[in-house]
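To keep things clear, I will list the structure first and then write my remarks on it.
Only the coordinates and a few stated rules stand behind these numbers; no lab work does. Nothing here was measured: the structure is a model prediction, and the numbers come from that model. Counting neighbours? That spans all protein chains shown, and the Cβs are built from the backbone with ideal geometry, glycine included.
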Amino acid sequence: MIVLAIESSCDETSVAILKDQKEVLSHIVFSQIDIHTIYGGVVPEIASRNHVKHVTRLIEEAISKANINVSEIDLVAVTQGPGLIGSLLVGINAATAFAYANNIKIIGVNHLIGHIYAAGIENEMKFPLMALLVSGGHTELIYMKKDFDFEIIGTTLDDAVGEAYDKVARTLGLSYPGGPVIDKLAKLGKDTYDLPRVLLDKDEFNFSFSGLKSAVINKVHNLNQKGLEVNVNDMATSFQNSVMDVLLEKSLNAIKKYDVKQFILAGGVAANSELRRRVNEEIKGIEVLIPSFKYCTDNAAMIASAAFVQESINGVNENYIIKGFSTKQNI
Ligand code: KG4
Ligand code: ZN
């Protein structure tokens, strides 16, 4: 089966064509980061306009790179949420028009499910598994007994991890998005700022990152008021270590409680080098799947991967709602 997928939920316009989930015939990501970085974050209106500008061109490019005829495409898949409504609408409209014009079936895919199924492109997902989904909008520990069976056992009570990275970076005068910059600077500094590790209830799997973010902001303000310099590298290391300690502790506890075969790292923050290193080093006894960098941040290949499985499960396209995830929700 050949699937053409479109992702446009935030500031990446992406089109991918996959054959049977694992064969990536083409995969293009047009990132708008350079356009938004001067504003210190994504401007929804500008994001939508840039999706409009590029989506048709990218569909044509993806088909040409895949070296297939449109008539060979069996399914069109498109991210239908969660995300920025204007951005999503551009992808959904483009996908719908393309599918109808060429008489191809179209399905909507949940963006978060896409992030998890990024792991299925390069590897075989084995159940039961535990996924840690860390992105700009979400921080979740998800237990999966089988395909498309999602139990969110822990979630953030306030800021998502990626959001905390972006806000801390802004406080430190670093560019958007904050994740990759802090990741880089953290390698140069020392953990000297004694930031909190917010573990909440030890037996629960929920997260909270706003206290850590506030601790950074307060330390920076205090130092500024005293006319002292903030050591940005040390702050980056201190912040990143605190985040990692919490993510690892919660993940290890979750794996201990739930008897799983695999641990999957998913979402944009899964591109973090320290998180990848620590997960590989500290999670022992079960298989660890970490997608390649290009499949961690927003991309259409992960949407195609999820679409293959979603399509193969009878009835999943309509009214599919299980414990917090839906293919028809959350725009
Ligand atoms: O999954 P994603 O591309 O978009 C959402 O669905 O939100 O994730 C974007 C988030 C941003 O907050 C960005 O700062 C973070 O992922 N991110 C990172 C790294 N690369 C991207 N965070 C930490 N370290 C990184 N290397
Ligand atoms: Zn995402």
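Counting only Cβ charges, +1 for Lys and Arg and -1 for Asp and Glu, the dipole size of the chain around its Cα centre is about 300 debye. Between the exposed loop cleavage positions of the chain, defined as GluC sites (Glu not before Pro) in a non-H, G, I, E, B DSSP state with at most 16 neighbouring beta-carbon atoms within 10 angstrom, the longest gap is 1-123. Across ILE38, ILE63, ILE142, mean-square fluctuation computed from a Gaussian network of the chain (C-alpha pairs under 10 Å connected) peaks at ILE38.
As a proxy for reagent exposure, THR171, THR237, THR139 were ordered by neighbouring Cβ count within 10 angstrom, fewest first; the result is THR171, THR237, THR139.
Each of MET1, MET130, MET302, MET144 has some number of other Cβ atoms within 10 Å of its Cβ, and from fewest to most they run MET1, MET144, MET130, MET302. Measuring against 18 Å, Cα to Cα, the residue pairs LYS256/LYS284; LYS146/LYS250; LYS145/LYS257; LYS167/LYS202; LYS126/LYS261; LYS187/LYS250 contain LYS146/LYS250; LYS167/LYS202; LYS187/LYS250 as the ones spanning a longer distance.
Just how large is the dipole of segment 124-290 about the Cα centre, in debye to the nearest 20, putting +1 at every Lys and Arg Cβ and -1 at every Asp and Glu Cβ? Display every interim value, and only then the final one.
Values: 21 positive and 24 negative charges, 66 e Å.
Dipole of segment 124-290, to the nearest 20 debye: 320 debye.
Could you please report the charge total around PHE239, scoring K, R as +1 and D, E as -1 over all other residues with beta-carbon less than 14 angstrom from its beta-carbon? Its environment carries a net charge of -1.
Note on the chain: GNM, Cα springs under 10 Å; of ASN224, ASN93, ASN233, the largest mean-square fluctuation is that of ASN224. When the Gaussian network model of the chain links Cα atoms closer than 10 Å, the mean-square fluctuations of ILE33, ILE116, ILE17 top out at ILE33.
Using alpha carbons only, the radius of gyration of the chain set against its Kirkwood radius gives Rg/Rh = 0.98. With only the Cα atoms considered, segment 124-290 has a convex hull volume of 103 Å³ per residue.
Work out, step by step, the length gained on full extension between ASN102 and GLU23: first 0.36 nm times the residue separation, then minus their alpha carbon distance; give nm to one decimal.
Values: separation 79, 0.36 × 79 = 28.44 nm, distance 2.27 nm.
Using 0.36 nm per residue and subtracting the Cα-Cα distance, I get 26.2 nm.
For segment 86-151 and segment 167-220, what is the centre-to-centre distance using only Cα atoms, to the nearest Å? Rounded to whole Å, the Cα centres lie 28 Å apart.
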